[in-house]
Amino acid sequence: MQLTDRLNRIQISPTAAVIAAAEQLKAKGVDIADFGPGEPDFPTPDHIKKAGIRAIEENRSKYTATPGIMPLREAICAWHKRELHSSYEPKECVVNVGGKHSIFNVMCSLVQTGDEVIIPAPYWVSFPDIVKYAGGTPVYVSTRAEDGFSVKAAQIEKVITPKTKMVIINSPSNPSGGVVPPDEYERILALCKKHKIWLMGDECYSHFTYDPHKPFSIASVSGSKEHVIIIGSMSKTFAMTGWRVGYTLAPEKLIQAVIKMQSQSTSNPTSIAQYAALEAMRGTMETVPLMLVEYTKRRKRIVEGLRAIPGVTCEWPGGAFYAFPNISAHLGDGPNAFAKTCTELSRLLLEKAHVAVVPGEAFGAPGFLRISYATSIERIDEGLRRLNRFFSRAEAAA
Ligand code: PLP
């Protein structure tokens, strides 16, 4: 079948591939310690679920305005102002079908053939592919584990060219948990202003940061608005991955472009999900710190557990719910090597140890594994036991 060039430029999400392989084994009755999924294991909070149910009962099941219902656009702006100190108005906000859709719409509105988009690595798997689909070229900047996977403005400056259209900052980061501190983020903003390029801030994990980091939006910096595109999502903060609601905050002209795209593709995000999201924005936030307390405990358990495995090093993630250990000592041809690549090692871990992880190659970071700790302490302990057994056998065999 002859598919389009633009489709041939991208690949199916590698994280989805890992999840599918783990699901296949689970279907055969195999007990998998699953560190694969990038989503909260918590249910959507009750008050939000009830708002969704109420919306169904009240027959709020018709088309809505393409950019989302006005009360939701207003509530997102008010929430973002209250939580992250920005100053957006509803005309600068559009509701999308999840944060991924927000990024897709923005990229297709701004990026075209020949444009370059700067992406710090390790990166979330979808950034490069969405850039490529839009016709652009991803330009990667490597960050180091020793720096907490936090990109520096000076590194970005080195790769800016006349073709640079945008810089993407995802802080806290999926997959590394890296956080860009506010002062560095402001330096990156200054660079973007100087070179007249867009700064996209992906804030999907904004509320899951660990001491000493705090939730921060670059949109809180005065004079940022003309240069900044904020991507937000209900998925992680409110454990609403399946509801599919995200948003874009940006200058009105760009919002109009995104609405135009949306009007010819998805139309409005699901009406009842919008009413649930409205409750998320207006209602109590008490479940968010409760989730953070749990993630904090799990983070300690997983990082300490990983560090105890021979040949594995692991930084403390500054945010999100992923550990990103370096397992390169177990790769290659050396005496402790198990496999040539992380992808191969991940397959072995799934098949032999029944542990699901995502290989670092998927995120532009060969030598690393992404371990999601959005799972219970008991499952974390079980997974760590299996990893320990697996890697100790390697040491013993060496
Ligand atoms: N951005 C990052 C960094 C993510 O990790 C994800 C989801 O995993 C998204 C955006 C998109 O989330 P959603 O489309 O569920 O809102």
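Yes or no: segment 122-129 includes at least one residue that is among the hydroxyl-bearing types (Ser, Thr, Tyr), within 21 Å of the chain's Cα centre (by Cα) and surrounded by 21 or more Cβ atoms within 10 Å (Cβ to Cβ). Taking every residue of segment 122-129 in turn, at least one turns out to be among the hydroxyl-bearing types (Ser, Thr, Tyr), within 21 Å of the chain's Cα centre (by Cα) and surrounded by 21 or more Cβ atoms within 10 Å (Cβ to Cβ). Hey, any hits in segment 341-351 for a residue that's more than 20 Å from the chain's Cα centre (by Cα), buried (at least 19 other Cβ atoms within 10 Å of the Cβ) and in a strand (DSSP E or B)? No - not one qualifying residue is present in segment 341-351. Of the strands (runs of 3 or more DSSP E) that lie entirely inside segment 169-257, those containing 1 or more residues that are away from the ligand (no atom under 16 Å from the Cβ) and touching a residue at least 60 places away in the same chain (Cβ under 8 Å) span 198-202. When the criteria are applied in full, GLN11 fails the requirement of being more than 28 Å from HIS207 (Cα to Cα) and not assigned by TED's automatic domain parsing to the domain that holds ARG386.
Note on segment 14-38: among residues that are assigned to a loop (DSSP other than H, G, I, E, B) and surrounded by 15 or more Cβ atoms within 10 Å (Cβ to Cβ), the one that is nearest to the ligand (Cβ to nearest atom) is GLY38. One residue stands out among those in segment 166-202 that are among the acidic types (Asp, Glu) and open to solvent by 10 Å² or more (accessible area, probe 1.4 Å): the one that is farthest from ILE119 (Cα to Cα), which is ASP183. Of all residues being open to solvent by 40 Å² or more (accessible area, probe 1.4 Å) and either in a loop (DSSP other than H, G, I, E, B) or acidic (Asp, Glu) (or both) in segment 98-115, which is farthest from the ligand (Cβ to nearest atom)? Just the residue, please. Among them, the one singled out is THR113. Could you tell me whether segment 288-303 includes any residue that is over 30 Å from ALA145 (Cα atoms) and within 16 Å of the ligand (Cβ to nearest atom)? Among the residues of segment 288-303, not one is over 30 Å from ALA145 (Cα atoms) and within 16 Å of the ligand (Cβ to nearest atom), which makes the answer no. As a summary of the residue check, GLU83 satisfies the conditions (1) open to solvent by less than 70 Å² (accessible area, probe 1.4 Å); (2) assigned to a loop (DSSP other than H, G, I, E, B); (3) of a type in the set (Asp, Glu) except for the one numbered (2).
The values are calculated or read from the model by the stated rules, or taken from the named source; none is laboratory data. Note that the structure is predicted; figures quoted are calculated from it, not measured. No Cβ is skipped: glycine too gets one built from the backbone with ideal geometry, and neighbour counts run over all protein chains shown. Side chains included, ligands, DNA and RNA excluded: accessible areas come from the protein's heavy atoms. Shrake-Rupley method; radii C 1.70, N 1.55, O 1.52, S 1.80 Å.
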